[in-house]
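Colleague: Okay, handing you the structure first.
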Amino acid sequence: MIGKIRTWSRTRRFAWIETQDGAAVFLHLSDIASRETLRRGTAVEFKPVASVKGLRATQVQVVPAGEHHGRVTAESAPGPATLVGNGPASGCRRA
């Protein structure tokens, strides 16, 4: 499964991954295959596993830049400035 890092807490050693369908998946530092630096928006590939508290990411690997082939990455994901409406005539505003 592919997703991107939504939030990352280095001090608490966990993150939340947002999948392509918008679901949130928990990630603990111990589940990262390599010791690459994670930042908000980093594209990752992982195996979701059901836990008592919901989905947890395992076997997490960073997707190298330029190799996402249509997967969600920081560059391809919609940003916080999503427009709502249908142009200026409709009172288009930032969400």
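Every read-out reported here was derived from the displayed coordinates using simple, explicitly stated rules and does not represent laboratory data. In this text the structure is predicted, and so the values were computed from the model without any measurement. Please note: Cβ atoms are built from the backbone with ideal geometry, for glycine as well, and neighbour counts cover all protein chains shown.
Colleague: Residue 7 versus residue 28, label points 7 Å from Cα toward the beta carbon: distance in nm?
Modeller: Simple spin-label model gives 1.8 nm for this pair.
Colleague: In addition: Under 5 Å between amide H atoms, partner at least 5 residues away or on a different chain: which partners does residue 20 have, H built in plane at 1.01 Å?
Modeller: 2
Colleague: Something else: Which distance in nm do the two modelled labels at residue 14 and residue 61 give, with both placed 7 Å along the Cα-to-Cβ direction?
Modeller: Here the answer is 2.6 nm between the modelled labels.
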